[in-house]
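Working notes for the structure below.
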Amino acid sequence: MAANGSNVTVDGATTTRRRPRTANGRSVRDANGSAAPSGVIQSAGQDLLPVLNAARGNVDGRATAITVLTPMRWWGPPLLRMLFGLTSLTGLGLGTLRRLSFIHYARWTIIDRLPPKGSPAPRERLNHSYLFFESNFNGTWDQYIDAFAAVVPSRMRVIWGSSFGFPGPLPTGPFKEYIRRNEFVANHYYTAYPEATTTMVLSSLELEARLREFIDRSARMNAGEFKRAYDRLLTSVQRCL
Amino acid sequence: MANTAGQATALSVLSPIHPERLESLEATLAALPLGERSPLARVATTHFARWVVIGQLVYEGGGQKPDTLGSPYLLFTSNFDGPLDEYLEDLSQLSFREAHAIWSHCIGFPKGKAPRQLIDYLMSHRVDTTMFYSAYPRTTVAQIRESLALRRRFGEFVTRSQALDPSALMRAFRSAFGGSPS
């Protein structure tokens, strides 16, 4: 856990981000007024702490990290395993993710049990499975959540619908609060190309392919032919520059 | 399970932290240099990686039975090129000092200082990824960096070559990017 209490600035915009807070031995209550045992992070309505030191938190250059862990109802894991299995096998649904053109890498992991603590300590038992979601994207946290909610609301309902407390993606206000409650801040975050957005990476790869093809194709052209072909190349790769 | 997407691999490691060593671990992580000086940068196949301390699980109510962790957990995730064994081999060789300093705060971490023990510990605390997505699953870090550099170079060339006549343009282009007839 990183230091609390400062603002994050990404792409010139300053946003205050919040993270879950442990109850530190206090008995806390959930949104319905039920008492939760001490040591459990409180749900809605608590005094959430603002986050964070940008340099040591979820931001590296243009890249931002999201780490979310949500408790699931019993029927969530089999449903999501089926859905994700189908997506992995057929690629169905990946096109929708690609429309969110600011995501570099993302993953969903269903955690049914915690790894061993080693003899003689017993493995910790969980009452619920947890859905771990990680994303590496460019842009601000708010932009990310807004876009996710606007572009793939039905898919989000399927993925997080079995998670306790999920309010639905729209309106985004309660949904953002939900993510903030269940989000953890990176203590160390690294990206290999912090200067690049996802679009820049994809544009560069496209440009490179076209440029290499042009280099081969133009090798035997005279100056006039070269100039005409070069101008056509520029037109075709303009959006990649 | 979907620990791979194209040539990319997802690794998640979840390891219990000695509660009394939590502050020391947080200080160790906070002291790591960032960016290209990060120990994770030494493994050149790493696209994105993070260490996150999970202090406690969230209680949302609404029928959820609270889960109270007996100790905090350290989550490490990485998105990298190639197979897992090669990545762990590189991590344990090239960033051993920092990796050992970090995971030695965790319960069950071996007392020895052999890179093999670190690899075995990470493997035994691995969590399989259910769904893994990459916007460019077939592209390595090296290819991306090369491609970004080429894009920059070509952009500069376009700007500075605007006034050149066809012959000078062709010579300048071939000088910058190759493609002369052999």
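The values are calculated or read from the model by the stated rules, or taken from the named source; none is laboratory data. Please read all numbers here as calculations on a predicted model, not as lab measurements. Using ideal geometry, Cβ is built from the backbone for each residue, glycine included, and neighbour counts are taken over all protein chains shown.
Go through segment B:10-39 and count every residue that is closer than 25 Å to B:SER124 by Cβ and out of contact with any Phe, Trp or Tyr (no Cβ under 6 Å at 6 or more places or on another chain). Here the count works out to 15. The criterion of at least 1 residues that are out of contact with any Ser or Thr (no Cβ under 6 Å at 6 or more places or on another chain), hydroxyl-bearing (Ser, Thr, Tyr) and crowded, with 19+ Cβ neighbours inside 10 Å is met, among helices (runs of 4 or more DSSP H) falling completely within segment A:121-235, by A:141-151, A:172-182, A:198-217. What tally of residues in segment B:12-31 results from selecting those that are in contact with a Ser or Thr (Cβ under 6 Å, 6 or more places away or on another chain) and at the interface with chain A (Cβ under 10 Å from one of its Cβ atoms)? Of the residues in that region, 2 qualify. Within segment A:143-162, is there a residue that is more than 17 Å from the chain's Cα centre (by Cα), within 27 Å of A:LEU205 (Cα to Cα) and not basic (Lys, Arg)? No, the conditions are met nowhere in segment A:143-162.
Remark: B:GLN143 matches the filter, which requires a residue to be without any contact (Cβ under 8 Å) to a residue 12 or more places away in the chain and surrounded by 14 or more Cβ atoms within 10 Å (Cβ to Cβ).
Only one residue in A:GLY57, A:GLY76, A:GLY91, A:GLY139 is in contact (Cβ under 8 Å) with a residue 24 or more places away in the chain, more than 8 Å from chain B (Cβ to nearest Cβ) and at positive phi. Which one? Result of the check over A:GLY57, A:GLY76, A:GLY91, A:GLY139: A:GLY139.
As a summary of the residue check, B:GLY35 satisfies the conditions (1) more than 9 Å from chain A (Cβ to nearest Cβ); (2) without any contact (Cβ under 8 Å) to a residue 24 or more places away in the chain except for the one numbered (1). The single condition among (1) part of a loop (DSSP other than H, G, I, E, B); (2) more than 9 Å from chain A (Cβ to nearest Cβ); (3) in contact with a helix residue (DSSP H, G or I) (Cβ under 8 Å, 6 or more places away or on another chain) that B:LEU122 does not meet is (1). Among the conditions (1) facing chain B (nearest Cβ under 10 Å); (2) farther than 21 Å from B:LEU75 by Cβ; (3) in contact with a strand residue (DSSP E or B) (Cβ under 8 Å, 6 or more places away or on another chain), A:SER204 misses just one, which is (3).
Quick grid of which residues meet (1) more than 9 Å from every other protein chain (Cβ to nearest Cβ); (2) surrounded by fewer than 16 Cβ atoms within 10 Å (Cβ to Cβ); (3) under 30 Å from A:PHE166 (Cα atoms):
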{"residue": "B:VAL43", "(1), (2), (3)": "yes, no, no"}
{"residue": "B:ARG50", "(1), (2), (3)": "no, no, yes"}
{"residue": "B:VAL58", "(1), (2), (3)": "no, no, yes"}
{"residue": "B:ASP67", "(1), (2), (3)": "no, no, yes"}
{"residue": "B:GLY70", "(1), (2), (3)": "no, yes, yes"}
{"residue": "B:LEU88", "(1), (2), (3)": "yes, no, no"}
{"residue": "B:SER92", "(1), (2), (3)": "yes, no, no"}
{"residue": "B:ALA99", "(1), (2), (3)": "yes, no, no"}
{"residue": "B:TRP103", "(1), (2), (3)": "yes, no, no"}
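Anything in segment A:60-114 that is charged (D, E, K, R) and in a helix (DSSP H, G or I)? List them, or say none. Once the filter is applied, which keeps residues that are charged (D, E, K, R) and in a helix (DSSP H, G or I), segment A:60-114 yields A:ARG81, A:ARG98, A:ARG99.
When you check B:PHE109 against the structure, is it within 27 Å of A:GLY61 (Cβ to Cβ), touching a residue at least 24 places away in the same chain (Cβ under 8 Å) and not hydroxyl-bearing (Ser, Thr, Tyr), yes or no? Don't jump to the end; show me each part of the working.
On the way: within 27 Å of A:GLY61 (Cβ to Cβ): no; touching a residue at least 24 places away in the same chain (Cβ under 8 Å): yes; not hydroxyl-bearing (Ser, Thr, Tyr): yes.
No.
Pairing residues of segment B:57-79 that are closer than 21 Å to B:ARG126 by Cβ with residues that are assigned to a loop (DSSP other than H, G, I, E, B) and modelled with pLDDT under 90, at Cβ distances under 7 Å and at least 6 apart in sequence or on separate chains, gives B:LEU69/A:GLU124; B:GLY70/A:GLU124. From the list A:ARG99, A:ARG107, A:ARG113, the one residue that fits, being within 8 Å of another protein chain (Cβ to nearest Cβ) and not hydroxyl-bearing (Ser, Thr, Tyr), is A:ARG107.
Identify, from the list A:ASN182, A:ASN222, A:ASN187, the residue that is closer than 30 Å to A:ARG157 by Cβ and either among the aromatic types (Phe, Trp, Tyr) or within 9 Å of chain B (Cβ to nearest Cβ) (or both). I'd like the intermediate steps shown before the answer.
Numbers: A:ASN222 fails: closer than 30 Å to A:ARG157 by Cβ; A:ASN187 fails: closer than 30 Å to A:ARG157 by Cβ.
Exactly one of A:ASN182, A:ASN222, A:ASN187 is closer than 30 Å to A:ARG157 by Cβ and either among the aromatic types (Phe, Trp, Tyr) or within 9 Å of chain B (Cβ to nearest Cβ) (or both), namely A:ASN182.
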